Structure formats: structure tokens, C-alpha cells
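First up is the structure itself, then whatever we jot down about it.
The values are calculated or read from the model by the stated rules, or taken from the named source; none is laboratory data. Treat the numbers as computed from the prediction; the structure is a model and nothing was measured. Neighbour counts are summed over all protein chains in view; Cβ atoms, including those assigned to glycine, are modelled from backbone coordinates with ideal geometry. The area values use the complete protein model at the heavy-atom level, side chains included, leaving out ligands, DNA and RNA. Shrake-Rupley method; radii C 1.70, N 1.55, O 1.52, S 1.80 Å.
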Amino acid sequence: MNISKYISDKISEVQAGTFTSSVTKIAIISIAAGIAIMIVSFAILEGFRNEIRDKIFSFGSHLQVSKYDTNNSYEGAPISKNIGLTDSIVGVKKIQPFARKTAIIKTEDEVLGVVLKGVGRDYDLSAMQQNLKSGELIAYNDSSSSLDVLLSQTIASKLQLDIGDEAIFYFIQTPPRARKLKVKGIFNTGLEEFDEVFVIGDIGLIRELNNWPDSLAGGIEIVLTDFNQIDQVAEQVFDQMNYDLQLEKITDRHAQLFDWLKLLQKNVVIFLVLITFVATFNMVSTVFIMIIERINMIGVLKAVGATDAQIRKIFVFRGLSLTLKGLLWGNVIGLGFCALQYYFEFIPLDPENYYMDRVPISWNFGMVLILNVVTLVLTMLAILIPAAMVARIKPVKAIKFD
């Protein structure tokens, strides 16, 4: 029998109604609240990061290769679909061509300038699919270019267009050309720099307008298997691609958005450090109070031959028990809140300020496990501070202590 654990269990049974009982409840609540807030904070942070990144990726892949040109035009010079890359680059998931062309949309009452981004049937539009509010994705034809387009909700509202409506697109070139295109779907990313500018269409239409063969495109987008490896893969792509091309990372192209996400992450980390400090400080205070309330018991145990190590273990086991209870309740509360928000979306957001209409939740059980382990380790290390006080207690004085 482990005598230290036995005494620790007995202490927990008889302490109801004492001052220590109230303090231990506060310690459990502080740990539960701390771990619950940390779980919710990380889930929301990851949700924000994933949502924003997916919205950005719906308009551009991780890496973009285009013709080296000092002109900052949306269209750019055409390049070959073969940009000189080999199969030796690890981390590249997909290579997909695209093209852009400026246009003016004219309806009966409104006129608006936009940029048509043309993509092919092999282009990954899964991220855009999540942004669709109505309608469906472009339907491609085998014999001719598709006349379907995807409009943002912002552009559709300004032009008073809906699913199935047609509008005339005037393309700025010499000589000017016009096409009547049909609204196939309406999307909304919440990102103004995309929603107010871009329209998604068929790359075949742009090739037809520019008299390009199928071997040319306005640029090449490279999708990676792991976004976190973007710097390493970018170096390999840069070393292999043709000399007259330029490479741009999406983190540079939309630096302000990614900088905002980094700043948000730093703020959350600072917040979580403070919460962890408060939780561990409360546990230290609780163990101190338990030791003071049990000084007579400590004196008796020392008098009958118990070692300092055995007595310290009593309070370590007690602290461990309180910590595990706090972690259990904290996980139930934190994961429960996340589940409610994930399935019922009961907390809304203002899309104009947060780029989305509800608080996002991302499930990362690996991070949940890390938070629990870190909290448990730090709390147990903190308990060793008051437990060390046992060695300074003298049996004679402790027995007489009142």
C-alpha cells in the first residue's frame, strides 16, 4: 500500500466543510476555467486562420509563377504551361494554369469594372465551393469555351444580378471585344480586395479573346501538400523554373492579411500564458493552505517516523487529484462549447470587420492534448514549491501548533 496516497485520499474525505474545502473548489474551478478558455481560444484562433487562408487560397494558390515584367497590370504577358519544373520537387501537389483579363460589366442600369480570372476544368475550386452562397460552379464545354461566370455577392448586388441573369462584358483590348456571360454562381469571401474586383470564368474564353493557343496561360499556380513548407518549396521552384519568370509566394502577395494572423496568434499566446500563471498560482496557494491546516498531522507523522519525502507525496497526490478534476471539467466545458458553436453557430460576427459571419471552430485534438499535458506538468512543478515547506516543519512545534 502507498501510505502517502492513502493518507491523501483520507484527507479529501474528511475535509468537507473546512476552509480548505472552499479553497480546493476554487483551485479546481480556476484550472477548469483556464483549460476551457485555452481550448476555446486555440479552436477559435485556428478556425480564424483556416477560414481566412481558405478564402485567400480560393483566389490564388500557395505559389504563383508569372512572366517577369515591370508592368503591374492585372493581365501580364503570357507564359508557357511548361515552366521548366521537374518531378523532383517534393511538396508540390498540383500545378494549374490561370489567366486574368480586365473587363467592364454593363447591365441596363449599372456599369462596373472587374477582373475576370480564367481557370480550367482541372483547376481546384474546392475552396471557392465553400464560399458559394447560391448557384453552382462553372460548367465547362468540350467544344467551346464556357460562358458561365461566378460573381461575388458585392458585385452582384451593385449590378442587381442574380443566378441565371446575363450581362455584357466589354474586354479592354485592341480592338475591344464583348461577350454576353451568364451568372452561374454567387460567392462571398468577406475579403473586400477580392469580392469587389474578381469574377471567375473559363480560361478558354480568355485564350479565345487573346488569340492564345492552349499551351499558353497568364500564369501558373502551384498548390503545395503542406502550406507550412512554402519557403522550402519556393526555393526549389525558383532554382528550377525558367530564367524569364518570377515567383511570388501568397504570403508576400497578401502580406497584410498574413501579418494580421500572426499578430492575432501572438496576442492569444500572451493571453494563454497569463491564464496558465493564474491557474498554477491558485494551486500553489491551495497547497500552502492545506499544509498550514494540516501542520498538526505533519508533526504527528514525523514523530512516528514518516520521512519528509513521504509527507510531501501526500500533498503532491492531493494536488494531482485536484488538477485532474480541473482538467476533466475544463475539457468537458471547453470541448462542449466548441461543439455547440461548431454545429449550431449561435455566436455571430460582423462580416465587414471579421471577414466571416460566425465564430469559426477548428478541431485540433493534438493541440488539446498538448494544452492538457503542459497545464498538468506546470501545475505539478508549482506544487513542489509549497511541498518543500514540509522539510522545515519541526515535529514538536507542529504538534503544539493551533
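Some observations on this one:
- Check: region 73-220 dipole with +1 on Lys, Arg Cβ and -1 on Asp, Glu Cβ, in debye: 360 debye
- Heavy-atom surface analysis with a 1.4 Å probe gives the chain a carbon and sulfur content of 57 percent of its accessible area.
- Radius of gyration, Dmax [region 86-204; alpha carbons; angstrom]: 14.9, 54
- Applied to region 247-253, the Karplus parametrisation 6.51 cos²θ - 1.76 cosθ + 1.60 on θ = phi - 60° returns per-residue 3J(HN,Hα) values of 10, 9, 7, 5, 5, 8, 5 Hz, with x for Gly and Pro.
- Max mean-square fluctuation residue, GNM over the chain, Cα-Cα springs under 10 Å, options Val304, Val268, Val90: Val304
- What the Cα convex hull of region 202-321 gives, in volume per residue, is 198 Å³.
- Computed over protein heavy atoms with a 1.4 Å probe, the accessible surface of the chain works out to 52 Å² per residue.
- Highest-first arrangement of 374-382, 354-362, 55-63, where packing means the average Cβ count within 10 Å: 55-63, 354-362, 374-382
- Alpha-carbon centroids, region 344-386 and region 92-165: separation in whole Å: 37 Å
- Eligible lysines near Lys262 by straight Cα distance, threshold 30 Å, same-chain separation 8 or greater: Lys55, Lys93, Lys94, Lys117, Lys133, Lys249
- Expected 222 nm ellipticity per residue - DSSP helices of 4 or more, -39500 (n - 2.57), all of the chain, to 500: -17000 deg cm²/dmol
- Proximal aspartates and glutamates to Lys67, defined as alpha-carbon separation beneath 12 angstrom and excluding residues fewer than eight positions away on the same chain: Glu75, Asp244, Glu248
- Across region 282-325 the C-alpha pair distances fall into 10 Å bins from zero in the proportions 27, 54, 18, 1 percent.
- The packing ranking of peptides 153-161, 284-292, 102-110, highest mean first, is 284-292, 153-161, 102-110, where packing means the average number of other beta carbon atoms within 10 angstrom of each residue.
- In a reduced charge model with +1 at each Lys and Arg Cβ and -1 at each Asp and Glu Cβ, region 273-402 shows a dipole moment near 1160 debye about its Cα centre.
- Size of electric dipole in the chain: Cβ of Lys, Arg +1 and of Asp, Glu -1, about Cα centre, debye, nearest 20: 2620 debye
- Region 112-160: translational diffusion in µm²/s, Stokes-Einstein, Kirkwood Rh over Cα pairs, 25 °C, 0.890 mPa s: 198 µm²/s
- Order by protection proxy (mean Cβ within 10 Å, highest first), peptides 93-101, 191-199: 93-101, 191-199
- Its convex hull of Cα atoms gives region 302-395 a direction-averaged projected area, equal to a quarter of the hull surface, of 8.5 nm².
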